[in-house]
Amino acid sequence: MIAIVTLTLLFAAIYWIITHQTVYFGREIVFVSVENLAVIYALLLIGAISKGKARFLRPFLVAAALYLMSDVVISNLQMYYPISVNKVFLLILLISIAIIVSDLPKRYMTSFVGFILSAISFYELIYPYNSTIAIALAIVLSYLGITALASGFESVLAKGIAGSRVYVILALIAYAILEFAKPYLKGGLFDFAEWLIVALAAFFVFRNFKPEYDENRLTEHVSQISKVFDELSINLDKAAEAFVKNGEKSMLVTCLAKVLLNSGYREVEVASIISPIVNYCEEKMPILSFPWEKKIAEVRSRKKREKILEYVKKYLKGDSRA
């Protein structure tokens, strides 16, 4: 309600000012048609009141309003300065941003599309003014799109690409700073710094490509005791629930080890059974992560914990095919 009232008051003030320009300024400084102002207000108002399933439309409504506002600004500036802006790519840019921030299904795929569209549109808009900045922005946005797409998959390669986002972006920023400092770096310092940036970026990127411990592989058990799981205490049930919900594994490992040892399992066998739980680690998220990526990781981690616990249960019940 506060947002609606504030929006209404703001546009009422804008309407009053543009219709009384000659009174305040002696002439018409800015030209804005009442129809355009009404459409912009309507788009923002609908976006503000959108709730539930229609909430995903909000960024697109705001993008349409921003396009109309930018069109008004550009048209007024052209009366004073000879500027030229490709409005088609401006519209694509705003839509691409809406795609990135909107809560659409398959966020990793829609974000990839949004970043690629934004890279193309930014390149087309900025290239006439500065080709270097245009190329750099296109590369950064394209790479963000690739990392966003990779975050939707569970392979070591995909996780490595997603986790390398921060290092690559930092390397590009460092390289941009290095370009500005180039006139002051003499005696081969520039070449050394350039290769140092590349080497450090490569080192940190390839550190992410680590094979994960396969929690589904257990060494073959000599004895199978079918009644072991039926003897688990209430504490073990609570520990299992805490492991699935929060990833808390210390209590579950302790209870399992105690029950297994009391049931006649040898220490080596106990270590083999509980090793998937002991070696389980939460999925590491890159420093520069999108909120939807964190939600995907949480769901994926919970499913992985459920899978680990179910495997151990089946194993203890004597299901050798688990």
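The values are calculated or read from the model by the stated rules, or taken from the named source; none is laboratory data. On a predicted model such as this, the values are computed, not experimentally measured, just so you know. Here Cβ is always computed from backbone atoms with ideal geometry, including for glycine, and neighbour counts include all displayed protein chains.
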- request: For region 296-303, indicate whether the set of residues that are surrounded by 12 or more Cβ atoms within 10 Å (Cβ to Cβ), at pLDDT 80 or above, among the polar types (S, T, N, Q) and closer than 24 Å to K159 by Cα is non-empty.
  value: yes
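For residues in region 310-322 being surrounded by 18 or more Cβ atoms within 10 Å (Cβ to Cβ) and modelled with pLDDT of 75 or more, which is nearest to the chain's Cα centre (by Cα)? So that I can check it myself, show each step before the final result.
If we filter region 310-322 for residues that are surrounded by 18 or more Cβ atoms within 10 Å (Cβ to Cβ), which is where we start, we get 311-312, 315-316.
When the remaining residues are screened for being modelled with pLDDT of 75 or more, the result is 311-312.
Working: Y311: 31, V312: 33 Å.
Among those that are surrounded by 18 or more Cβ atoms within 10 Å (Cβ to Cβ) and modelled with pLDDT of 75 or more, it is Y311.
Does R107 satisfy being of a type in the set (K, R), buried (at least 18 other Cβ atoms within 10 Å of the Cβ) and within 20 Å of the chain's Cα centre (by Cα)?
yes
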- prompt: Out of region 119-139, which residues are surrounded by fewer than 18 Cβ atoms within 10 Å (Cβ to Cβ) and either among the charged types (D, E, K, R) or within 18 Å of the chain's Cα centre (by Cα) (or both)?
  reply: E124, I139
Long-range neighbours under 9 Å by Cβ, at least six apart or interchain, first residue within 21 Å of V140 (Cβ to Cβ) and not assigned by TED's automatic domain parsing to the domain that holds K295 within region 152-163, second part of a helix (DSSP H, G or I) and of a type in the set (D, E): G152/E293; A162/E293
task: Being loosely packed, with under 12 Cβ neighbours inside 10 Å and under 12 Å from V32 (Cα atoms) is the filter here, so list the residues in region 2-19 that pass it.
output: W16
Selection status of Y108, assigned to a helix (DSSP H, G or I) and farther than 25 Å from D71 by Cα: yes
statement: Scanning region 35-45 for residues that are buried (at least 16 other Cβ atoms within 10 Å of the Cβ) and farther than 19 Å from L90 by Cα gives L37, Y41, L45
query: Which one of these does A98 not meet: (1) under 13 Å from the mean Cα position of the chain (by Cα); (2) among the aliphatic types (A, V, I, L, M); (3) crowded, with 21+ Cβ neighbours inside 10 Å?
result: (1)
query: Here are Y80, Y67: which of them is assigned to a helix (DSSP H, G or I), assigned by TED's automatic domain parsing to the domain that holds I18 and over 20 Å from the mean Cα position of the chain (by Cα)?
result: Y67
